[in-house]
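Report on the following structure.
The values are calculated or read from the model by the stated rules, or taken from the named source; none is laboratory data. Predicted, not measured: the structure shown is a model, and the values here were computed from it. Reconstructed Cβ throughout: ideal geometry from the backbone, glycine too, with neighbour counts over all protein chains shown.
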Amino acid sequence: MEFIKSLLIVFMAFVFMASSCTKQSNSPTNVLPPPTTQGLNTFGCLVNGQVFVPQKPSDDIGTYLECDYEFLYPGDTTKGYIFNVSGKDKPNGNELSSVGVTLDSTQLHQGDTFQLGSSGVGKKYGGYISSSLNTGYFVYNTTDTVTGQIIITFLDQANLIVSGTFWFDAISSSAPDTVHVRQGVFDMHYTR
């Protein structure tokens, strides 16, 4: 009988310890790249709550990560720059999705925060593209009323590294839904 009591005490202690441990979250944010500043060429976000982390396509056609920070408008030393960061994912041959942010006519500095709005020359905007043989081709963009934000958390112009975070909502003229991009993070080597 003593053996059963001892076994019961050990079992109850085990149950108590197990219940007091915190369970690790299986949240989709656990698979997003961590915020780094080393030029690791990482990009990820949540799109409508689903993890979006670009993967190199199996057919090895096209670029799945892109980051450019170029001086395109000579003669304008403050607004001659254009910055673009984007990621594309092609999980199979029938689908393609892309998330990106463009800052046109904007010189970057570490710590800068930019509001995203309508697209076009001289504007700052975010976008999402969804293409599928089953559902069609849709382009979603931020607008002056459906907005977002990007923060440049790190900029190393000597080594061509830029890191940051972003979020935005985007709408399409041909689809009734709104795309919600959240917890965006990138750490990229850029071309100029």
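Take the residues of the stretch 57-70 that are hydrophobic (A, V, I, L, M, F, W, C) and modelled with pLDDT of 85 or more: which is surrounded by the fewest Cβ atoms within 10 Å (Cβ to Cβ)? I'd like the intermediate steps shown before the answer.
Pass one, the stretch 57-70, residues hydrophobic (A, V, I, L, M, F, W, C): 61, 65, 67.
Keeping just the survivors that are modelled with pLDDT of 85 or more gives 65, 67.
Values: Leu65: 17, Cys67: 22.
Taking the candidates together, the pick is Leu65.
As an exercise: evaluate Tyr137 against (1) touching a strand residue (DSSP E or B) at 6+ places or on another chain (Cβ under 9 Å); (2) assigned to a loop (DSSP other than H, G, I, E, B); (3) farther than 22 Å from Val185 by Cβ and give the number of the one condition it does not meet.
Failing condition for Tyr137: (2).
Counting only residues that are surrounded by 11 or more Cβ atoms within 10 Å (Cβ to Cβ) and at pLDDT below 70, which one in the stretch 74-90 is farthest from Thr135 (Cα to Cα)?
Step one: of the stretch 74-90, the residues surrounded by 11 or more Cβ atoms within 10 Å (Cβ to Cβ) are 76, 79-90.
Cutting the leftovers down to at pLDDT below 70 gives us 76, 79.
Values: Asp76: 43, Lys79: 39 Å.
Among those residues, the one meeting the criterion is Asp76.
Residues in the stretch 144-159: is at least one under 23 Å from Val53 (Cβ atoms) and either in a loop (DSSP other than H, G, I, E, B) or of a type in the set (Asp, Glu) (or both)?
No, the stretch 144-159 contains no residue that is under 23 Å from Val53 (Cβ atoms) and either in a loop (DSSP other than H, G, I, E, B) or of a type in the set (Asp, Glu) (or both).
What number of residues within the stretch 109-124 satisfy the criterion of being buried (at least 18 other Cβ atoms within 10 Å of the Cβ) and either farther than 20 Å from Asp68 by Cβ or in contact (Cβ under 8 Å) with a residue 40 or more places away in the chain (or both)? Write out each step before concluding.
At the first step, the residues of the stretch 109-124 found to be buried (at least 18 other Cβ atoms within 10 Å of the Cβ) are 114, 116-117, 124.
From the residues that got through so far, the ones that are either farther than 20 Å from Asp68 by Cβ or in contact (Cβ under 8 Å) with a residue 40 or more places away in the chain (or both) too are 116-117.
Of the residues in the stretch 109-124, 2 are buried (at least 18 other Cβ atoms within 10 Å of the Cβ) and either farther than 20 Å from Asp68 by Cβ or in contact (Cβ under 8 Å) with a residue 40 or more places away in the chain (or both).
Take Ile129 and tell me if it is farther than 17 Å from Pro54 by Cα, assigned to a strand (DSSP E or B) and among the β-branched types (Val, Ile, Thr).
Values: farther than 17 Å from Pro54 by Cα: no; assigned to a strand (DSSP E or B): yes; among the β-branched types (Val, Ile, Thr): yes.
Here the answer is no, as Ile129 does not meet what is asked.
Being modelled with pLDDT under 95 and of a type in the set (A, V, I, L, M) is the requirement here; does Val121 meet it?
Numbers: modelled with pLDDT under 95: yes; of a type in the set (A, V, I, L, M): yes.
Yes: the conditions hold for Val121.
Report whether or not Asp144 is closer than 22 Å to Pro34 by Cα and of a type in the set (Asp, Glu). Let's see the steps before the verdict.
Working: closer than 22 Å to Pro34 by Cα: no; of a type in the set (Asp, Glu): yes.
Criteria not met by Asp144.
Regarding the stretch 134-156, can at least one residue be identified that is surrounded by 20 or more Cβ atoms within 10 Å (Cβ to Cβ), charged (D, E, K, R) and at negative phi?
The answer is no, given that none of the residues of the stretch 134-156 is surrounded by 20 or more Cβ atoms within 10 Å (Cβ to Cβ), charged (D, E, K, R) and at negative phi.
So which residues in the stretch 96-119 are farther than 20 Å from Arg182 by Cβ and within 16 Å of the chain's Cα centre (by Cα), if there are any at all?
Of everything in the stretch 96-119, just one residue is farther than 20 Å from Arg182 by Cβ and within 16 Å of the chain's Cα centre (by Cα), namely Leu96.
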